[in-house]
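The values are calculated or read from the model by the stated rules, or taken from the named source; none is laboratory data. Keep in mind that this is a model prediction, so the values were computed, not measured. Heads up, the Cβs are rebuilt from the backbone with ideal geometry, glycines too, and the neighbour counts pull from every protein chain shown. Side chains included, ligands, DNA and RNA excluded: accessible areas come from the protein's heavy atoms. Shrake-Rupley method; radii C 1.70, N 1.55, O 1.52, S 1.80 Å.
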Amino acid sequence: MSTAETSASTGIVLHWLEQSRSHRILWLLEELQLPYTLKTYKRDPKTYRAEKSLKEVHPLGKSPVITDDGKVIAESIVIIDYLIHKYGGTSPLVPKTTDLEDEVKYYLAFAESTLQPNLLVLFVSNKIRQSPVPFFIRPVVTRVSDYINGSFLPDVRTQLDYLESKLKTNGTDYFVGDGLTGADIILIFPLKLAKSRAALTKDQYPLLWKWIEQMEGRDAYVRASKKVAELMV
């Protein structure tokens with residue numbers, strides 16, 4: 001485990017796990033320009049589980065999780081809402097109207113309860129397909145993977161079509177209003193996952209593809225990526 005102190009006086013600690021949804025919380029902290037302490041954790045190369053020390057922070061040993069002056073806060077939706085409402089102030093991240101706030105809340109729920117589960121099933125399916133098995137078992141494994149993909153990929157396509165249409169309808173580079181909100185923060189992980197699994201292609205989803213590139217190009221996102229890259233060497 002590595003630790004980087006970004007401020008000696010801050011009470012916020014982000015427990016960042018590699019290849020997890022915690023990176024978007026780091027991005028949010030950078031967007032809000034908050035002082036924080038960053039603690040990084042690696043996954044076991046065989047089990048893909050987080051280091052056991054993460055359970056010392058939260059019994060489930062999952063990430064993201066933050067502590068703020070000793071208060072433990074887990075789950076992406078809760079953390080994003082907590083940080084924006086407590087520390088957002090006049091930041092553009094704070095919705096300007098009740099209607100915009102309700103729309104952000106919708107995307108927070110949609111990303112974690114609708115889009116993400118289907119993508120994780122596809123992720124597991126691909127892991128099954130790539131797993132080392134005896135040659136005579138390979139056809140069975142392939143058929144199982146194909147069946148899973150055939151069952152869940154249509155739903156993922158429908159959800160990506162929906163998000164593509166929302167960007168087109170909104171007419172801006174963001175999902176809600178005319179600036180960055182918690183909706184963009186929460187959606188970066190599942191959409192990058194969809195892109196990495198070839199469910200999201202530039203030809204089929206040009207607006208989503210452009211949106212990912214723009215989010216990754218934001219100064220705060222670049223700073224967040226550089227910080228963990230330095231620590232995880």
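Evaluated against (1) open to solvent by 20 Å² or more (accessible area, probe 1.4 Å); (2) at pLDDT below 95; (3) part of a loop (DSSP other than H, G, I, E, B), P154 falls short on exactly one condition, (3).
Pairs meeting the criteria (first residue in the stretch 24-36 and on the phi < 0 side of the Ramachandran plot, second residue open to solvent by 10 Å² or more (accessible area, probe 1.4 Å) and part of a helix (DSSP H, G or I), beta carbons under 6 Å, at least 6 apart or on different chains) are R24/F189; W27/Y221; E30/R223; L32/Y87; L34/Y87. Taken over the stretch 164-201, the criterion of being in contact (Cβ under 8 Å) with a residue 40 or more places away in the chain, more than 22 Å from S22 (Cβ to Cβ) and not β-branched (V, I, T) is satisfied by E164, L167, D173, G177, G179, A199. Considered as a group, the residues in the stretch 202-226 that are surrounded by 18 or more Cβ atoms within 10 Å (Cβ to Cβ) and not aromatic (F, W, Y) include one that is farthest from T172 (Cα to Cα), and that residue is A224.
Among the residues of the stretch 92-121, those that are open to solvent by 20 Å² or more (accessible area, probe 1.4 Å), modelled with pLDDT of 90 or more and not in a helix (DSSP H, G or I) comprise V94, P95, K96, T97.
Of all residue pairs spaced 6 or more apart or on separate chains, those with beta-carbon atoms under 7 Å, a first member in the stretch 208-232 that is closer than 27 Å to S165 by Cα and a second member that is open to solvent by 60 Å² or more (accessible area, probe 1.4 Å) are W209/K202; W211/D173; I212/K192; I212/K195; Q214/D173. Working only within the stretch 48-77, note down all residues that are surrounded by 14 or more Cβ atoms within 10 Å (Cβ to Cβ) and not in a strand (DSSP E or B). Across the stretch 48-77, the qualifying residues are E51, L54, V57, H58, G61, K62, S63, P64, E75, S76, I77. Of all the residues in the stretch 54-113, those that are on the phi < 0 side of the Ramachandran plot, without any contact (Cβ under 8 Å) to a residue 24 or more places away in the chain and touching a helix residue (DSSP H, G or I) at 6+ places or on another chain (Cβ under 7 Å) number 2. Within the stretch 175-201, can you find the residues that are surrounded by fewer than 18 Cβ atoms within 10 Å (Cβ to Cβ) and closer than 25 Å to H85 by Cβ? The answer is D178, G179. For the structure I just gave you, tell me whether Y41 is at pLDDT below 95, over 25 Å from Y162 (Cβ atoms) and more than 14 Å from the chain's Cα centre (by Cα). Yes; evaluated as a whole, the condition is true for this residue. Of all the criteria given as (1) in a loop (DSSP other than H, G, I, E, B); (2) without any contact (Cβ under 8 Å) to a residue 60 or more places away in the chain, the one not satisfied by K39 is (1).
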